[in-house]
Structure formats: C-alpha cells, structure tokens
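Worksheet for the structure shown next.
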Amino acid sequence: MRLSAMGQQLGLGIDAGRRSLPTLDERQRGTAFLGLEVNRIINPPEATGMPFWSINPYIGCEFGCAYCYARDTHRWTAERNQLAGPRPPREDFEHRIFVKRNAADVLRRTLDPAKVAGASILIGTATDPYQPAERTFGITRALLEALLGYRGLSIRITTKSPLVGRDAELLARLSRHHRVSVNISLISLDPALIRRLEPRSPLPHARLRGLRTLADAGVDAGLLIAPIIPGLTDGWGALGGLMAAGREAGARYADGFALRLAPVARSGFLPTLAREFPELVERYRRHYGGRHHATRPYLESLAARLRTLQKIHGFPVVARSALRTEAEAVAAGPAATPPADPRRAPPAARRRRTSLPASRTTGQPTLALL
C-alpha cells in the first residue's frame, strides 16, 4: 500500500520489502515491540508541510492519550507492511510499538547540515521519544549521540516522561554545540484527571522531577501545557498552579495551547469525553462543531490568560502568532483549518456568549467557548 502524504510527513520511510518483523520484547501487560528497518529517519519541511524537520524514533506510543493526533501513523505502517495486529488499529497504536532499530545509522548517513540550517529539528512529533520502549532499546539516546558529530543545529524535544533525565548529561553536552531545548509536556497537576485522559503516562510529580534533573544539568527546559482542555484544565488556578510548579522545578519557560480536534484526535477524545465527562459532550459538539479549533475569541482569551500568568510567574512572554507555534503545528497537522474569523460572522452570532462549567481541577470559571 502506498503511503499517503501524511504518512510520509510523519517519518514512515520504511523498507516495504519486509513482510514480517522480529518481536524484540513483550511487556507483561501485553505490549509487543517490533523491530523495524527504515530508509529515512529525518523528514524535511517540504515533505511535511511543517516549518521544521522531524524525527520519530518509534511508531506507536504506550501512553495512550485520549487526544493523541498521531494514531494513523501506526495504521499506515502496519498496512503497508502487512503487519496488522489482533486489536483494532486505534488500540494497536499503544500495544504494538515499532522500534526503528537502525535510526541512528540512517541519521549519520543521511543528515545534511547545510539543508537543515536555519530550521529546527523536532524529536517526538508523532510519538513520545522517551516512552517505556526507550528504557530498553535506547533509540532516542542513539540518535542524540549521532547528533554529537554535528555543529550548529537547533534541536527541540517534547516528552511526557521523566526518563529524559537519564540523558541530562548527554543533552548538556549537545547544548555546547547546538541550540537544544526540551519541552516537558503536562496538562494538569491532578493525577486522577491525568489517569482519565492519559491512561499510562507518567504522573505529574514524575514529570516535574525529570524537569528538575534537566534544569540542574544546565539544559534549556520548560513546561508545555498542551493541550489545554476547555472546561477541564483552562481555569486560572489550574494553569497558574502548573506554571508555579514548573518554576519550582527549574523551568526556563512555560507555554501552552488549546485542544485541537482534527479527525484522528476527535475520534479518540470525544468517546473519552462522553464516558468520563458526559455533561460536556453537547457543549463541545456545539462549540467545536466540525472545526479543528475552538473559536477565535476563546483562543485569543486563552492566549491573554497565558501571557498574564507568564508575567506573574516570571516566564518570558514571547510575541508569536497565537495560532501557529511549532508545537501547535504538529498537533494541527498540515491540513488543519484555521478558526473562523468572528468579525465575519453576523452581528447576532458575535454577541452570543456561552460558557462551559467551572474547571474540574480548580472550581474557577473557565474561559468562554463562543
């Protein structure tokens, strides 16, 4: 089966001649790890439609986040190589992890620094590079070691895992030759809420511990509050608490963006919402509709709230396009539709205001979804 443009943009340069893969390991809870040989590991902007280069050491992710936008990467890989598992494709994403065993060798052979100059390399755009598989297989670490042989690159890593702290010294060494930053992704300080939305991800205290390890090693690391879930994690107290905890753990920056509901994320998040927070389903259906984004007034209000909290907690406030940061571009995908401009709506629509209930984590009123 031919890969779609989206499959290509997420790093599936796979040896199509392989029809079976060795099972490298299997966890007691039923996660299988399959070795994969790739012929490409770094994906250029012209292939992805994104303003950066990207690397994904694995395909699939054990963390199983309800809002994950990358599950189709696994389906494309399995279909192309005739490796569909016993579970539905959505479940296979978190139970059958493809391990790009030759990733570091391919990177050394194919990376052209001249082509990458002026752009960032993002590691972990479609899978967490420090998910549990990394503890066994070390593909991410091998890639970072390969990058030690180059100079002057901009490298950005995003992870939910404290395992990144294992590589703190290596990342500090890389920082002497490259611009390196690590985003620790965390949507809430509430462990119960994390478990309802991210069933197998590390709990907040563990991620903050990883952040502190990086900070103590002198690595440029910060907090990525993403996605911010309307009605659940967007209150002043919830966001402010995260920024305070990040500051305490040594974060040099903190930022976030609202939930995107592109088709793949929508298919996973809305059933979870219906099961865990049924009172919010109709409001999401009304306010997101068929759009990927919340409404522009919501996004602008949320951006203003984040800027205020950044100032309060001593984080830099960076001028940016409120709708298209690097991390947001990953979550949105290349075909995402920007939110409608409310100034073009009929006057009656502009005057309508409908708020979600108070944030479950703080009791504070949430921002309005218009």
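The values are calculated or read from the model by the stated rules, or taken from the named source; none is laboratory data. Please read these numbers as outputs of a predicted model, since none were measured by experiment. Note that we place each Cβ from the backbone using ideal geometry, even for glycine, and neighbour counts take in every protein chain shown.
Being in a loop (DSSP other than H, G, I, E, B), in contact with a His (Cβ under 8 Å, 6 or more places away or on another chain) and farther than 22 Å from ILE157 by Cα narrows it down to one of LEU261, LEU299, LEU232, so name that one. Full working, then the answer.
Numbers: LEU299 fails: in a loop (DSSP other than H, G, I, E, B); LEU232 fails: in contact with a His (Cβ under 8 Å, 6 or more places away or on another chain).
Answer to the check: LEU261.
Taking only region 174-192 into account, find how many residues are more than 19 Å from ALA254 (Cβ to Cβ) and out of contact with any helix residue (DSSP H, G or I) (no Cβ under 9 Å at 6 or more places or on another chain). First the steps, then the outcome.
Restricting attention to region 174-192, the residues satisfying the condition of being more than 19 Å from ALA254 (Cβ to Cβ) are 174-178, 191-192.
When the remaining residues are screened for being out of contact with any helix residue (DSSP H, G or I) (no Cβ under 9 Å at 6 or more places or on another chain), the result is 175-176, 192.
Summing the residues that are more than 19 Å from ALA254 (Cβ to Cβ) and out of contact with any helix residue (DSSP H, G or I) (no Cβ under 9 Å at 6 or more places or on another chain) in region 174-192 gives 3.
Which residue, of ARG260, ARG266, ARG286, is at pLDDT below 95 and buried (at least 23 other Cβ atoms within 10 Å of the Cβ)? Steps first, please.
Details: ARG266 fails: buried (at least 23 other Cβ atoms within 10 Å of the Cβ); ARG286 fails: buried (at least 23 other Cβ atoms within 10 Å of the Cβ).
Result: ARG260 is the single residue among ARG260, ARG266, ARG286 that is at pLDDT below 95 and buried (at least 23 other Cβ atoms within 10 Å of the Cβ).
GLY222 versus (1) part of a loop (DSSP other than H, G, I, E, B); (2) at negative phi: which is the lone unmet condition?
(1)
Counting only residues that are under 29 Å from ALA66 (Cβ atoms) and of a type outside the set (Asp, Glu), give me the helices (runs of 4 or more DSSP H) lying completely in region 88-204 with at least 1 of them.
Values: elements: 89-95, 103-110, 113-116, 132-137, 139-147, 168-175, 191-197.
Fully inside region 88-204 and qualifying: 89-95, 103-110, 132-137, 139-147, 191-197.
Looking at (1) farther than 22 Å from LEU223 by Cβ; (2) under 20 Å from the mean Cα position of the chain (by Cα); (3) surrounded by 19 or more Cβ atoms within 10 Å (Cβ to Cβ); (4) not small (Gly, Ala, Ser), can you tell me which one LEU147 breaks?
Going through the list (1) farther than 22 Å from LEU223 by Cβ; (2) under 20 Å from the mean Cα position of the chain (by Cα); (3) surrounded by 19 or more Cβ atoms within 10 Å (Cβ to Cβ); (4) not small (Gly, Ala, Ser), LEU147 breaks only (2).
With the requirement that a residue be of a type in the set (Lys, Arg), closer than 22 Å to GLY237 by Cβ and in contact with a Phe, Trp or Tyr (Cβ under 9 Å, 6 or more places away or on another chain), what does region 161-197 give you?
Taking region 161-197 and keeping what is of a type in the set (Lys, Arg), we get 166, 173, 176, 179, 195-196.
Next cut, closer than 22 Å to GLY237 by Cβ only: 195-196.
Hit for region 161-197 is ARG196, nothing else.
I'm told ALA172 meets every condition in (1) within 27 Å of ILE41 (Cα to Cα); (2) crowded, with 17+ Cβ neighbours inside 10 Å except one. Can you identify the failing condition by its number?
It fails just one condition, (2).
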